[in-house]
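Presented below is the structure to which this report refers.
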Amino acid sequence: MAARPLPVSPARALLLALAGALLAPCEARGVSLWNQGRADEVVNASVRSGDLWIPVKSFDSKNHPEVLNIRLQRESKELIINLERNEGLIASSFTETHYLQDGTDVSLARNYTVILGHCYYHGHVRGYSDSAVSLSTCSGLRGLIVFENESYVLEPMKSATNRYKLFPVKKLKSVRGSCGSRHNTPNLAAKNVFPPPSQTGARRHKRETLKATKYVELVIVADNREFQRQGKDLEKVKQRLIEIANHVDKFYRSLNIRIVLVGVEVWNDMDKCSVSQDPFTSLHEFLDWRKMKLLPRKPHDNAQLVSGVYFQGTTIGMAPIMSMCTADQSGGIVMDHSDNPLGAAVTLAHELGHNFGMNHDTLDRGCSCQMAVEKGGCIMNASTGYPFPMVFSSCSRKDLETSLEKGMGMCLFNLPEVRESFGGQKCGNRFVEEGEECDCGEPEECMNRCCNATTCTLKPDAVCAHGLCCEDCQLKPAGTACRDSSNSCDLPEFCTGASPHCPANVYLHDGHSCQDVDGYCYNGICQTHEQQCVTLWGPGAKPAPGICFERVNSAGDPYGNCGKVSKSSFAKCEMRDAKCGKIQCQGGASRPVIGTNAVSIETNIPLQQGGRILCRGTHVYLGDDMPDPGLVLAGTKCADGKICLNRQCQNISVFGVHECAMQCHGRGVCNNRKNCHCEAHWAPPFCDKFGFGGSTDSGPIRQAEARQEAAESNRERGQGQEPVGSQEHASTASLTLI
């Protein structure tokens, strides 16, 4: 074996990534109107009530209006902040969970929370076109204000009810701890900090993933140490978690991604999984708890643990890469490392970025960042320093696009239920709520010719106003394709003729054979050793013979193993599990192509009949607490009828795919909701009658004009005749997907 250390740079699609936080040096780096050599600015705050400005202390703290105007004043200078309640931040299914002393969980629905009101806002500073504001009014005014290419924190002063501190984000470093070494990133010119969300009129794209808004239904969990650090105040912890989500939603809007909070949970009695200073162990313990305990009782897309534990070394967060929507790995852990929630929000946004498939921004990638390094840089920097980063780089956008095109994020295309936005219903918030027919925003911004922006009702003769199945204010015919399949494990969706919205995304049942690929589907993606070898070594690479996996992975060392047992020890692979350990390849480039910090680990194995066989593995220098990017991915075929799960080669029967497929009568396949997706001439739910194909989940494959044909065929069948083509369809269990 040969290995040599190289400078750290990002690994790509196989990387299970973490944010290693190296706090930046503590010098001041900028001067602006509100930061002229002084410490914190002390400002008076007032809110507009009618034609008057009244002190914040006189403002009804339980009244959180949809629109709020705030004035911050110091001497002769003032800022006017225009705010709107962040509708859509909290889903109608939102719950708060805590525990009784005996360990019983208590989940309180939205109606309980509404007592406090929705106190989370987004907005801008009047007169500053590139400004952005994200704050809460739950307990005074607290949040983030960005203008003049600078970022500021607004916090209440403990000694005064109407006076606030306004200070640069970089001064949050003085709240806690010491500073370390800087992680160098390109010094690029600052631009608009929060670009507006992408518009739906963008060019057509495969699966329209870049055009369509994505929704992450998020659960945030606070561990017991976090509960203690917040003074064992349950309401304070809950508000802090929602405030974190409010900031993260602001960051992600520029990527046309909305963060929708479906739940917060506080472990106020004790931790529900082991949370230690070892971030690697804590991550896997949390992900296991999420899969086994949280998912069954609270459906969601992603879960993040906010911890009060200080992790070892400089790590402040960790998350698996390109794992969004998976049952096993869609989540991460975040250390709450700052008194202000903004610190945890930036780290959570970073870890969520890894879940989305975003790698670190480093010099060798040539990333373009809209914020200069001395003003924070970009969110996916490998090191998070002060001031905190708040924008995404060009590399992050490209990584996200690549991940979406590979089929990542199957769960993100369904609009969460918004029967009534948390805190009240409003026409003009772009969410179609109960009692509304459409909602295109405020009248001055509405560009939808089918919707009356004043009343949120459809205009005369309009049947619809929104959705991929709405065209020229009319519903598209049933059977019109609205979302193509993105890969060999994805299924297409079709308009139903009854709804303007494309059905929620569905894909092949876990364990189903991939279409035209020698592998099995897992979480909507077909993982193969060959694909992973090409990712690591480039074109021409292929998996090494089985003897390479068996010999190398039986070592139980950093170069051959079945994963980490702890931070510094590795598991030996049993022979039956060898193809689920470190991937072994042949061919391809002379060195790994996933980054300059990845090196080749070559092993020559003598053969009994003479000669040797070359096995090529990879080792990536990313620190002791970085999970290995060279391990075979979960869901990869390891033998006929078997798949890699938890570093073991397990039978696909654990998924129940064969039992599910039997109900489809050989004329369809089973989808991830355990329903049949039928061939074009057979009807769901069981593909046993002549019809239009598709499924109850994804709509009919064939267009409505085929109904006459179906009616005639059914009459023939009633007379004892088979429908045309039925023998052909019945003779094979294969399915050509449209």
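The values are calculated or read from the model by the stated rules, or taken from the named source; none is laboratory data. Values in this document were obtained by computation on a predicted structure and should not be read as measured data. Here the Cβ positions follow ideal geometry from the backbone for every residue, glycine too, while neighbour counts run over all protein chains shown.
Structure above, values below:
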| quantity | calculated |
| --- | --- |
| Residue list for region 451-495, filter: within 28 Å of the chain's Cα centre (by Cα), acidic (D, E) and either surrounded by fewer than 23 Cβ atoms within 10 Å (Cβ to Cβ) or on the phi > 0 side of the Ramachandran plot (or both) | D484 |
| Residue match in region 477-486 (condition: out of contact with any Gly (no Cβ under 7 Å at 6 or more places or on another chain), outside any loop (DSSP other than H, G, I, E, B), modelled with pLDDT under 90 and closer than 30 Å to S600 by Cβ) | no |
| Region 530-545, residues that are under 20 Å from C573 (Cβ atoms) and either modelled with pLDDT of 95 or more or in a loop (DSSP other than H, G, I, E, B) (or both) | P543, A544, P545 |
| Test for S569: is it outside the structural domain of S600 (by TED's automatic domain parsing), over 30 Å from C451 (Cβ atoms), free of Cβ contacts under 8 Å to residues at least 24 places away in the same chain and small (G, A, S) | no |
| Set A327, A319: member being closer than 17 Å to M408 by Cβ and touching a Lys or Arg at 6+ places or on another chain (Cβ under 7 Å) | A327 |
| Region 658-675, residues that are crowded, with 21+ Cβ neighbours inside 10 Å and among the aliphatic types (A, V, I, L, M) | V669 |
| Lone qualifier among A349, A319, A382 - being under 21 Å from V219 (Cα atoms) and in contact with an Asp or Glu (Cβ under 9 Å, 6 or more places away or on another chain) | A319 |
| Subset of region 211-236 (residues that are outside any loop (DSSP other than H, G, I, E, B) and among the acidic types (D, E)) | E217, E226, E235 |
| Residue within region 234-246 that is modelled with pLDDT of 90 or more, within 17 Å of G332 (Cβ to Cβ) and acidic (D, E) present | no |
| Pairs where the first residue, in region 232-247, is assigned by TED's automatic domain parsing to the domain that holds L342 and closer than 24 Å to M390 by Cβ and the second is in a helix (DSSP H, G or I) and among the aliphatic types (A, V, I, L, M), C-beta under 7 Å, 6+ apart | I244/A344; I244/A345; I244/L348; H247/L342; H247/A345 |
| Unmet requirement for V237, which otherwise passes all of (1) in contact with a Phe, Trp or Tyr (Cβ under 6 Å, 6 or more places away or on another chain); (2) surrounded by fewer than 20 Cβ atoms within 10 Å (Cβ to Cβ) | (2) |
| Criterion (closer than 14 Å to L144 by Cα, assigned by TED's automatic domain parsing to the domain that holds Y215 and among the aromatic types (F, W, Y)) met by exactly one of F388, F356 | F388 |
| Subset of region 547-604 [under 22 Å from E285 (Cα atoms), part of a loop (DSSP other than H, G, I, E, B) and among the basic types (K, R)] | K567, K572 |
| Pair list, Cβ < 8 Å and 6+ apart or interchain, from region 581-593 residues that are closer than 14 Å to H619 by Cβ and in the same structural domain as C548 (by TED's automatic domain parsing) to residues that are basic (K, R) and not in a strand (DSSP E or B) | G581/R647 |
| Criterion (surrounded by fewer than 23 Cβ atoms within 10 Å (Cβ to Cβ) and either modelled with pLDDT under 95 or within 30 Å of I316 (Cβ to Cβ) (or both)) met by exactly one of G611, G630, G635, G617 | G611 |
| For S274: the one exception among (1) hydroxyl-bearing (S, T, Y); (2) in contact (Cβ under 8 Å) with a residue 12 or more places away in the chain; (3) not in a helix (DSSP H, G or I) | (2) |
